[in-house]
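Taking it in order: structure first as structure tokens, then the write-up.
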Amino acid sequence: MNHPSNRTHFLQALGPGLIWAAAAIGVSHLVQSTRAGAVYGFSLTAVILLALLLKYPFFEFGPRYAAATGESLIEGYARQGRWAVWVYLFLTLATMFAVVGAVTFVTGSLATQLFGAGLSPLAYSALFLVICALLLIKGRYALLDGLVKAIIVVLTLSTVAAVIAVLSAGAPPRVAEAVPAELLGAAGFAFLIALVGWMPSAVDVSVWHSLWTLERAKQTGHAPTVKESLLDFNIGYIGTGVLALLFLSLGALVIYGTGVEIATAGGAFAAQLIETYTTALGPWSRWIIAIAAFTTMFSTTLTCTDAFPRALSQVTATLGGEKCQRYVSALYWVWMLVLLSGSLLLISIFRGYLINMIDLATTLSFLTSPVLGYLNYRAVTAKHMPDGTTPPAWLRVLSWAGLAFGVGFSIAFLVWRFG
């Protein structure tokens, strides 16, 4: 009897890590990384690298736990006690409207550049949320898996091409001072928190990743090993890090030092973002870049629209007991309706202040990350984890370093903001 090769098994496991990357490569890259380079040059490179390093364990624990136990992290939280599930529910409700509102409004703003100003960014946002819901009715996980792979390839190629074009132009990079004076002020500190909050993404995406890992196993009939799941994850994680640095480079090489101020309104920022690429590659590239940027943000909107209801339906079923388990599918659509309604309400409030809404969402994610990171750590170091699947010593040490960093800066931010 012929057994599938290791390559075949890996290809069956491949997917959740790329969906994770699609969720991550959005506002944190197109907006925050570009903005970091535009305002501070290359001086925040170390901050991005440090965030990628210190947050790595908490994202890695999602696929590790799912592959090792066949459970999602939500079930891992439940094993710690119902209190842990309630904590996750509270933190999710506190952040989800800002998260979906931010990514959807960026998508809607980009649509005004791609499809014209016939509709406002708010109207486009409402339209795309409805489209996402309809697509998920039809395709659910299979649609996500197929769509994001193509989108990531397009985005990566266009971003690499833009950076190469800028460097090939021969213009010397405008290098910022090691620690710009602006970073030492209130606005600089607030931006650092917002940048790290979604770099490369919010920690609660680790829960989504565990759910997508289980869904991929159902789709293919292959239960991935921990090694296969982590390889899939690492490909996505490294890719998000590289792209973050490329977006930072575009902002630093094209905008930094020119005196151009970053627009705060949705449509104006979208136009400025596309102009950054067009300046680098030439007028011929405008539509290619607009399509790549839009599809990137649309994929992020789609993944978030699926992930929050998917996670919350599992949480509700877990807290509701055995009777609620039969209604997980119905709960998914109830939470979908709640998510869309709340997100559109928030967009209508912040529709003239895109950057402010993004900073709100990313800051909330930063403040909640130590709590979710700790719950993830407890899950993957629990006694029920199979032998040989718990994190190695170096990853545990890095986890505690990440927790210390997150708690320390969260306290500093709260003292500064409310002290």
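Nothing in this text is a laboratory measurement; each read-out follows from the coordinates by a stated rule. All values derive from a computational prediction rather than experimental measurement. FYI the Cβ positions are ideal-geometry reconstructions off the backbone, even for glycines, and counts take in every protein chain you see.
Connecting C-alpha atoms closer than 10 Å in a GNM of the chain, tell me which of 239, 76, 41 has the biggest fluctuation.
The residue that fluctuates most here is 239.
Scan region 311-392 for trypsin sites (Lys or Arg not before Pro) in coil per DSSP, keeping those whose Cβ has at most 13 other Cβ atoms within 10 Å, and list them by number.
Loop-located and lightly packed - 326, 383.
Restricting to lysines 8 or more places apart or on different chains, can you count the pairs in region 6-418 with Cα atoms under 29 Å from each other?
Lysine pairs, 8 or more places apart or on different chains, close enough: 14.
Using just the alpha carbons, could you tell me how many Å³ per residue the convex hull of region 36-131 encloses?
Once divided by residue count, the hull of region 36-131 is 174 Å³.
Using a 7 Å offset from the Cα along the Cα-to-Cβ direction at both residue 287 and residue 119, what is the distance between the two label points in nm, to one decimal?
2.1 nm
Where in region 402-416 does the label zone of residue 50 land, with the point 7 angstrom along Cα→C-beta and an amide N cut-off under 11 Å?
In region 402-416, the label zone of residue 50 (backbone N under 11 Å from the point 7 Å along Cα→Cβ) covers 405-406, 409.
Hey, rough spin-label estimate for residue 322 and residue 82, points 7 angstrom out along Cα→Cβ, what's it come to in nanometres?
In this crude label model, residue 322 to residue 82 measures out at 1.6 nm.
Alpha carbon centre of region 199-258 versus region 366-392: separation in Å?
So the two Cα centres are separated by 19 Å.
What's the percent breakdown of Cα-Cα distances in region 186-236 across 5 Å bins, shortest bin first?
5, 16, 20, 19, 11, 9, 8, 6, 4, 2, 0
Kindly provide the pair-distance distribution of the chain built from C-alpha pairs, with 20 Å bins from 0 and whole-percent values in order of increasing distance.
27, 59, 13, 0
Are there chymotrypsin sites (Phe, Trp or Tyr not before Pro) in region 207-248 that DSSP puts in a loop and that have at most 12 other Cβ atoms within 10 Å, and which ones?
For chymotrypsin sites (Phe, Trp or Tyr not before Pro) across region 207-248 that sit outside H, G, I, E and B with at most 12 neighbouring Cβ atoms in 10 Å, the list is empty.
Just flag the GluC sites (Glu not before Pro) in region 228-331 sitting in loop per DSSP whose Cβ has no more than 12 other Cβ atoms within 10 Å.
On the way: sites: 228, 261, 275, 322; in loops: 261.
Listed in order of number, the matching sites are 261.
Given a Förster distance of 45 angstrom, what is the FRET efficiency for residue 329 paired with residue 187, based on the Cβ-Cβ distance and rounded to 0.05?
Values: r = 46 Å, r/R0 = 1.02.
The pair residue 329/residue 187 has a calculated efficiency of 0.45.
With labels modelled as points extended 7 Å from the Cα through the Cβ direction, what inter-label distance (nm, one decimal) is found for residue 154 paired with residue 218?
About 2.8 nm separates the two model spin labels.
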